[in-house]
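The values are calculated or read from the model by the stated rules, or taken from the named source; none is laboratory data. Computed from a predicted model, the values in this text were never measured in an experiment. Neighbour counts run over all protein chains shown; Cβ positions are idealised from the backbone, glycine included. Accessible surface areas use protein heavy atoms only, side chains included; no ligands, DNA or RNA. Shrake-Rupley method; radii C 1.70, N 1.55, O 1.52, S 1.80 Å.
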Amino acid sequence: MSRIETLIASMTLAEKLGQLTMTAASFTVTGPVIAGDSTGSIRSGEIGNLLNMVGPGPVRAVQRLAVEESRLKIPLLIGLDIIHGHRSLFPVPLAEAGIFDPVLWEATAREAAIEGAADGLAMTFAPMLDVSRDPRWGRTVEGSGEDAFLAVEMGAAKVRGFQGTNLAAADALAACAKHFVAYAPVTAGREYASVDISERTLHEVHLPPFEAAVRAGVATIMPAFTDLAGIPMTAHTALLRDWLRGRTGFEGVIVSDYNAIRELLNHGVAADLPEAAALALHAGVDIDMMADAYRHGLPIALERGLVAMDQIDMAVRRVLRLKEQLGLFDDPYGRCRTHESDAIIARRRALARKVGAQSLVLLKNDHDVLPFRTPMKSLAVIGPLADAPGEMRGPWPAAGVAENHVSVLAGMRAALPDAKVTHAVGVSIEDDDTSGIPAAMALVDQADSILLCLGEAAVMSGEASSRAHPGLPGAQAALASAVLTRAHFLGKPCAVVLFSGRPLTVPELVDQCEALIAAWFPGCEAGNAVADVVLGKVSPSGRTVISWPRSVGQIPIFHSERRSGRPANPADRFTSKYLDSPNEPLFAFGHGLTYGRFRYSNLRLSPQAVNVHGSIQVQVDLTNEGGRTACETVLVFTHDVVATVSRPLLQLVGFARLELPPGKTATVSLAVPAPRLQFLGADLSPVFEPGVVEVLVGPRANRADLLAGTVLMQTG
Ligand code: BGC
């Protein structure tokens, strides 16, 4: 018998349920702490997995209890939310997605895994694959934005990065694709609210990233807290068991979200804990995180005949198999051994700086205000986010401590050692107190240039951080107005850097300022990354991966909207539009300027006709007509003109990046495999329908900025 089968044969029910239980060690907490002190339960084999524990010392100590003092000596599986770095934080996923570079996406996940594993961890609860089209929803920051294709590409890269090529390696983490599935479209953007979307949207938008993660070999998957049309995902047999396990062939571990099994009672689908536990087990949930529903509920469920022992054994088998794949049986302390030298950490921070700078999105740059001209005698760095190292972490900071983060003020001072760099907060992030504005204005009067740092606090996005008014909080609009008006009057260059975990509804700010950078939350090297871009050492190249609404009334707003029978026409009242707002977003998906100026020309598509086995070669010439070397991201969209099911106006099918010096022209080439032109027919099965497909190429999801050609799709 194999090690796993021998173990299962010798386990008591309590020991089996211990392997299906994950409990918090109180490092970070996102819900009620139920378990209390776990030491005794680890020894007795009644807790087999932990979350939220960090550091080789503590990890070694608890692991020792399991492998030396418990009867069966089964190692613990220990996990943490390593979302965008562990101790050295990288930009939040929403920011990093806008770099459109799978190699970098994978590289930062690899570094995060190396660092997390050196701290004794074997699992991360990432990547988050939820496609979000509603910026009110705070968790938008944890994903790759509004586009399904991007979520597919980035999710797979993250899985590869976290897990490496061998899960048993001392620097590999088991990844966890979450939250399965369709958590983002919560009603009205309100966290944890009910979800009700069409089967088509589920299959076209929300399921593909999970299918891709399974193909990339993801070790674990976490169901969402939410229900889908009345069935909570934690108990969703049709999607978890039939689709995920049955259709994609996922054989890994399904771990519940925090206390989610107990919350089946709140959803109103279980009358007591044994029923809740039975529902989750039937659906295929292997590990119960923080609800203690399996430990306390399954013994009763067994007595009642609601579940069978072989279902429990199956879940135990999957958990033990994961521990075996992670090499935990062979070397339970393997991940605590790696020593990270200062040189390794410095290299990681250099990567964080590079990725941080690349993720900044230059939304506006009238009169080439940026980069600021250097040398510079004086600079005023103003605003509540200017000297806020802790905020630079963004939500889910894992083990990243505030002191390890470079604020904008510190970054600018380091970059301008000979200049006088002054600072005033003006207002705080959220208060209405405006008494600090005059002091900030005095600095505007004295400085040559002004950098205004505004936005959200890190805790205003992430879990349980929905906002009904996702604009500038507190009195920041008043500060912005005062500073921008004064700087304009004095003719001084002034740029705004906006920190946030979502696009903000800031049309007035956009009108008032000449230069605006969406910095999201750039991570540990934030200030240096901002300095690199603001002072022109790096040309910005980040793109927004989510449309910026002008107002909450436009939400949901996204580029892959379907057509209308009455497309917007300003001359015709009875067409699809608002009386009081343009239809168009403030900034479209893909928007982001560089310090170059790129002209697209000569779009070539070949062959002219393609069948489902073929591939379309897309070529376009790019000329940098600007004065600086810059990197441009080219987006490729398609639009199926006539189909049996109305197709999105723009569907992202490819992207590429190219760096070009001023005055140079180069050709970008990329292949779009024909299966990307398939869609789900009326019965939701994939079809490749003959007919004309438009291919549109350019920088952002705005038809006027795209070159278009056509290709014929044909059968046979
Ligand atoms: C979140 C998950 C997270 C878990 C563990 C929950 O509240 O929804 O995304 O992985 O906590 O920290």
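Mind counting lysine pairs for me in the chain? Cα separation below 28 Å, and the two need to be 8 or more apart along the chain or on different chains.
Taking the chain as the scope, the lysine pair count is 27.
Using the Kirkwood formula on the Cα atoms of region 304-450, what hydrodynamic radius do you get, in angstrom to one decimal?
Working: mean 1/r = 0.0489 Å⁻¹.
About 20.4 Å for region 304-450.
HN-Hα J couplings of region 585-599 from phi, Karplus 6.51/-1.76/1.60, θ = phi - 60°, integer Hz, Gly and Pro as x?
With coefficients 6.51, -1.76 and 1.60, one gets x, 5, 9, 7, 3, x, 5, x, 8, 10, 8, x, 9, 9, 10 Hz.
Rounded to the nearest 10 Å², what accessible area does residue 715 have for a 1.4 Å probe in the complete protein model?
100 Å²
Given labels modelled 7 Å from the Cα in the Cβ direction, how far is it in nm from residue 238 to residue 339?
Each label point is offset 7 Å from its Cα along the Cβ direction, giving 5.7 nm.
Just need the relative contact order of the chain here, percent rounded to a whole number, with Cα pairs under 8 Å and 6+ apart.
Values: 1811 pairs, mean separation 91.7, N = 716.
RCO, the chain: 13 percent.
Could you check the simple spin-label distance between residue 657 and residue 13, using points 7 Å along Cα→Cβ, in nm with one decimal?
5.6 nm
In deg cm²/dmol and to the nearest 500, what is the mean residue ellipticity at 222 nm of the chain if only DSSP H runs of at least 4 residues count, each as -39500 (n - 2.57), divided by the residue total?
-7500 deg cm²/dmol
Can you run phi through the Karplus equation (6.51, -1.76, 1.60; θ = phi - 60°) for region 662-667 and list ³J(HN,Hα) in whole Hz, with x for Gly and Pro?
x, x, 9, 10, 8, 9
Per-residue accessible area for residue 639 at 1.4 Å probe radius, Å² rounded to 10?
Ignoring ligands and nucleic acids, residue 639 comes out at about 10 Å².
From the protein chains alone at 1.4 Å, what is the descending order of accessible area for 20, 586, largest first? Could you put the intermediate results ahead of the total?
Details: 20 0, 586 30 Å².
Heavy-atom accessible area, descending, gives 586, 20.
Going through the DSSP H helices of the chain, which span 18 Å or more along their own axis at the Cα atoms while scoring at least 0.0 as a mean Kyte-Doolittle hydropathy?
Working: long enough: 102-118 (24 Å, 0.28); 148-163 (22 Å, 0.67); 309-325 (24 Å, -0.52); 342-359 (25 Å, -0.23); 476-490 (21 Å, 0.98).
Taking the DSSP H segments of the chain (at least 18 Å long, mean hydropathy at least 0.0), we get 102-118, 148-163, 476-490.
Can you pull the one-decimal nm distance between simple spin-label points at residue 489 and residue 308, each 7 Å off the Cα toward Cβ?
8.1 nm
Name the residues whose placed amide hydrogens come within less than 5 Å of the amide hydrogen of residue 630, ignoring near sequence neighbours (fewer than 5 apart) on the same chain.
660
Rounded to two decimals, what is the ratio between the C-alpha radius of gyration of region 512-650 and 2.2 N^0.38 Å?
Working: Rg = 19.2 Å, N = 139, 2.2 N^0.38 = 14.3 Å.
The reported ratio for this selection is 1.34.
Distance between Cα centroids, region 441-505 to region 222-268: provide it in whole Å.
Using only Cα atoms, the two centres lie 41 Å from each other.
Of all the accessible heavy-atom surface of region 169-319, with the other protein chains kept in place and a 1.4 Å probe, what percent is carbon and sulfur? Walk me through the numbers on the way to the answer.
Numbers: 2430 of 4830 Å².
The value for region 169-319 is 50 percent carbon and sulfur by accessible area.
Could you give the C-alpha radius of gyration of the chain expressed as a fraction of 2.2 N^0.38 Å, taking N as the number of residues it contains? Intermediate results must be reported in sequence, preceding the final value.
Working: Rg = 26.1 Å, N = 716, 2.2 N^0.38 = 26.7 Å.
Relative to the 2.2 N^0.38 Å estimate, the chain comes out at 0.98.
For residue 453, what charge total do you get from the other residues with a beta carbon under 11 Å from its beta carbon, if Lys and Arg give +1 and Asp and Glu give -1? Provide the component values of the computation, followed by the final result.
On the way: positive: none; negative: 387, 391.
My count for the surroundings of residue 453 gives -2.
Rounded to the nearest 5, what % of DSSP beta bridges with both residues in region 167-259 are antiparallel?
Values: 2 of 9 bridges.
Antiparallel bridges: around 20 percent, rounded to the nearest 5.
Order 692, 103, 618 by their accessible area, 1.4 angstrom probe, all chains in place, largest first. Please list the in-between numbers first.
Values: 692 65, 103 115, 618 5 Å².
Correct descending sequence by accessible area is 103, 692, 618.
Under the Karplus relation 6.51 cos²θ - 1.76 cosθ + 1.60, θ = phi - 60°, what is the ordered set of whole-Hz ³J(HN,Hα) values for region 379-387, x standing for Gly and Pro?
Using θ = phi - 60°, the values come out as 9, 9, 9, 10, x, x, 9, 6, 10 Hz.
If a/c stays under 1.5 just call it rounded; otherwise compare a/b with b/c (prolate if a/b is bigger, oblate if not). Do that for region 393-509, with a ≥ b ≥ c from the square roots of the Cα gyration tensor eigenvalues. Provide the component values of the computation, followed by the final result.
Working: a/c = 2.17, a/b = 1.28, b/c = 1.69.
Taking the square roots of the gyration eigenvalues as a ≥ b ≥ c, region 393-509 is oblate.
Quick check: from the Cα gyration tensor, does region 38-124 come out rounded (a/c under 1.5), prolate or oblate?
Details: a/c = 3.36, a/b = 3.13, b/c = 1.07.
It is prolate, given that a/c is not under 1.5 and a/b is the larger ratio.
Using 0.36 nm per residue of separation minus the Cα-Cα distance, give me the extension gain between residue 347 and residue 678 in nm, one decimal. Walk me through the numbers before you get to the answer.
On the way: separation 331, 0.36 × 331 = 119.16 nm, distance 4.27 nm.
Gain in length upon complete extension: 114.9 nm.
Can you give the net charge of the other residues whose Cβ lies under 14 Å from the Cβ of residue 527, counting K and R as +1 and D and E as -1? If you can, show how the numbers build up before the last one.
Values: positive: 349, 353, 393, 413, 537; negative: 387, 391, 403, 525, 532.
Once positives and negatives cancel, what remains is 0.
Just the Cα atoms of region 171-320: what Rg and Dmax do they give in Å?
14.7, 44
Tell me, how many Å apart are the Cα centres for region 513-540 and for region 624-676?
25 Å
Checking the a/c ratio against 1.5 first, then a/b against b/c, what shape does the Cα gyration tensor give for region 576-716?
Numbers: a/c = 2.74, a/b = 1.37, b/c = 2.01.
Judged from the Cα gyration tensor, region 576-716 comes out oblate (a/c at least 1.5, b/c at or above a/b).
Treating region 237-386 as a set of equal point scatterers at the Cα positions, no solvent, please give the Debye-formula log₁₀ I(q)/I(0) at q = 0.09, 0.14, 0.18, 0.19 Å⁻¹.
-0.59, -0.83, -1.08, -1.15
Once ligands and nucleic acids are excluded and a 1.4 Å probe is used, how much of residue 577 is accessible, expressed in Å² to the nearest 10?
80 Å²
With both bridge residues required to lie in the chain, what share of the DSSP beta bridges run antiparallel, to the nearest 5%?
Details: 50 of 91 bridges.
About 55 percent, rounded to the nearest 5.
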